[in-house]
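**Student:** Below you will find the structure I want to go over with you.
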Amino acid sequence: MQRRSFVTASIATMGLSLTRHGLAAPVAAPAIGSLGAGQVGSTLGELWIRSGLHVMFSASTLSQPRALAASLGPLASAGTPEQAVAFADVILLAVPYGAIPHLAPRLAAAMAGKILLDATNPYGGRDGAVAALAERDGAGPTTQRYFPGARVVRGFNALSMSILRREAFRPSPRLAVPLAGDDVDAVATVETLVRRAGFDPVVTGGLDTAIRFQPGHPGFERQDDAAGLRAALSGRD
Ligand SMILES: NC(=O)c1ccc[n+]([C@@H]2O[C@H](COP(=O)([O-])OP(=O)(O)OC[C@H]3O[C@@H](n4cnc5c(N)ncnc54)[C@H](OP(=O)(O)O)[C@@H]3O)[C@@H](O)[C@H]2O)c1
C-alpha cells in the first residue's frame, strides 16, 4: 500500500482525512465558523446545527451573532471574526462581497490551510471595485487572491436563502447545490456539508468553473435536481 493511501486509510478509521497540506482534518463533523450572521450565515448555520455540527457566528459587532447563537441552542456560539476563524475547520464566507478587501488583511494568515466556503456574490452597484474584478475574472479566483493560503470552495451562493430554507430535505430528488474548488479534499468536505444541510451537491470542477453559477450565468438561481443542474451547466437543456 502506498504511504499516502495507508495513512489516509488509518486516519479514515478515526473519522478523519488528509488534506493536501498533510494535516488531519475532520470531514465527517467539521466545526464551522461563519463570517456573517445575516441571511446566509443564519440559514446555513441553523441547517448545520440541526445536523449536529458546532457553528460559531461572527460579524462586525457581537450583538447579531450573540442573539442568533442564543436562539439556536448549545451547538451555536458567537465570537469575533478572528475567533470564528480560529474555531473553524470550515469558514463560511457570508458577508457582502465588498467586505472581502477589509476582512482579508485581518484574517488571511489565520485561514492558511483551512477550508473557506465562499457563499458570497459580487454586485457592482453594491460591492465596489472588487465586484468588477469578480465579475470579470470569476468570484472564485478573485476570493482566492484575497485569501491565498485558504482552500477556497465556492458554494451555496447560487440560490436564495428563502428557497434553501423551504427546500432543505425535500423528498427525492433533492434540490441541487453547485460547488467548485481546486482542492479535492476541501470539495469533498463541502459536499458532506451540502448533504448534511439537506441538498445534493453538483461539483462543476476547479475554482474557475464557479463563474458558471455566479450572477449573470446559467447556473445562478437554477432550481433543479442534480441531473437537471448538470444538464443546464453543460448547456444540454
Ligand atoms: N440572502 C441570500 O439569499 C443570498 C443567497 C446567496 C448568496 N448571498 C450572498 O451572500 C452574502 C451575504 O448575504 P446575506 O444575505 O447573508 O447578507 P446580510 O443578511 O446583509 O448579512 C451580512 C452579514 O455580514 C456581516 N458583515 C458585513 N460586513 C462585515 C465585515 N466587514 N466584517 C464582518 N462581518 C460583516 C453583517 O453584520 P454587520 O453588518 O453587523 O457586520 C451580517 O451579519 C452576500 O455576498 C450575498 O450576495 C445571499
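**Student:** In the stretch 115-161, which residues are of a type in the set (A, V, I, L, M) and closer than 15 Å to VAL90 by Cβ?
**Tutor:** Within the stretch 115-161, ILE115, LEU116, LEU117, ALA119, ALA150, VAL152, VAL153 meet the criteria.
**Student:** Given the conditions (1) surrounded by 17 or more Cβ atoms within 10 Å (Cβ to Cβ); (2) more than 12 Å from the ligand (Cβ to nearest atom), report the number of the one that ALA109 does not fulfil.
**Tutor:** In the conditions (1) surrounded by 17 or more Cβ atoms within 10 Å (Cβ to Cβ); (2) more than 12 Å from the ligand (Cβ to nearest atom), ALA109 misses (1) alone.
**Student:** State yes or no: is VAL130 more than 9 Å from the ligand (Cβ to nearest atom) and part of a strand (DSSP E or B)?
**Tutor:** no
**Student:** A follow-up question, please. Mind listing whichever residues of the stretch 122-134 are under 19 Å from the mean Cα position of the chain (by Cα) and surrounded by fewer than 22 Cβ atoms within 10 Å (Cβ to Cβ)?
**Tutor:** TYR123, the sole residue that qualifies.
**Student:** Separate question: Can we say ALA150 is surrounded by 20 or more Cβ atoms within 10 Å (Cβ to Cβ), within 8 Å of the ligand (Cβ to nearest atom) and aliphatic (A, V, I, L, M)?
**Tutor:** It is false that ALA150 is surrounded by 20 or more Cβ atoms within 10 Å (Cβ to Cβ), within 8 Å of the ligand (Cβ to nearest atom) and aliphatic (A, V, I, L, M).
**Student:** Does VAL90 fit the bill of being at pLDDT below 95, within 27 Å of LEU159 (Cα to Cα) and under 15 Å from the mean Cα position of the chain (by Cα)?
**Tutor:** No.
**Student:** Taking only the stretch 156-185 into account, find how many residues are at negative phi and within 14 Å of the ligand (Cβ to nearest atom).
**Tutor:** Residues meeting the conditions: 16.
**Student:** Of all residues in the stretch 96-106, which are buried (at least 16 other Cβ atoms within 10 Å of the Cβ) and either more than 9 Å from the ligand (Cβ to nearest atom) or over 16 Å from the mean Cα position of the chain (by Cα) (or both)?
**Tutor:** Once the filter is applied, which keeps residues that are buried (at least 16 other Cβ atoms within 10 Å of the Cβ) and either more than 9 Å from the ligand (Cβ to nearest atom) or over 16 Å from the mean Cα position of the chain (by Cα) (or both), the stretch 96-106 yields GLY98, ALA99, LEU103, ALA104.
**Student:** Could you list all residues from the stretch 35-55 that are more than 13 Å from the ligand (Cβ to nearest atom) and either in a loop (DSSP other than H, G, I, E, B) or closer than 18 Å to ALA99 by Cβ (or both)?
**Tutor:** Correct list: SER51, GLY52, LEU53, HIS54.
**Student:** Another one. Would you confirm whether or not the stretch 200-215 contains a residue that is under 28 Å from GLY124 (Cβ atoms), touching an Asp or Glu at 6+ places or on another chain (Cβ under 6 Å) and at pLDDT 95 or above?
**Tutor:** Within the stretch 200-215, one or more residues are under 28 Å from GLY124 (Cβ atoms), touching an Asp or Glu at 6+ places or on another chain (Cβ under 6 Å) and at pLDDT 95 or above.
**Student:** Looking at ARG222, is it over 26 Å from GLU46 (Cβ atoms) and basic (Lys, Arg)?
**Tutor:** No.
**Student:** Among residues belonging to the stretch 56-85 that are of a type in the set (S, T, N, Q) and either outside any helix (DSSP H, G or I) or within 19 Å of the chain's Cα centre (by Cα) (or both), point out the one that is nearest to ALA29 (Cα to Cα).
**Tutor:** Per the criteria, the residue is SER77.
**Student:** Within the stretch 68-75, is there a residue that is within 11 Å of the ligand (Cβ to nearest atom), modelled with pLDDT of 95 or more, over 22 Å from GLY149 (Cβ atoms) and surrounded by fewer than 23 Cβ atoms within 10 Å (Cβ to Cβ)?
**Tutor:** Looking for residues that are within 11 Å of the ligand (Cβ to nearest atom), modelled with pLDDT of 95 or more, over 22 Å from GLY149 (Cβ atoms) and surrounded by fewer than 23 Cβ atoms within 10 Å (Cβ to Cβ), one finds at least one in the stretch 68-75, hence yes.
**Student:** VAL7 fails exactly one of the following numbered conditions: (1) at pLDDT below 95; (2) outside any helix (DSSP H, G or I). What is the number of that condition?
**Tutor:** Here VAL7 clears every test but (2).
The values are calculated or read from the model by the stated rules, or taken from the named source; none is laboratory data. This structure is a prediction, so every number in the text was calculated from the model and none was measured. Neighbour counts run over all protein chains shown; Cβ positions are idealised from the backbone, glycine included.
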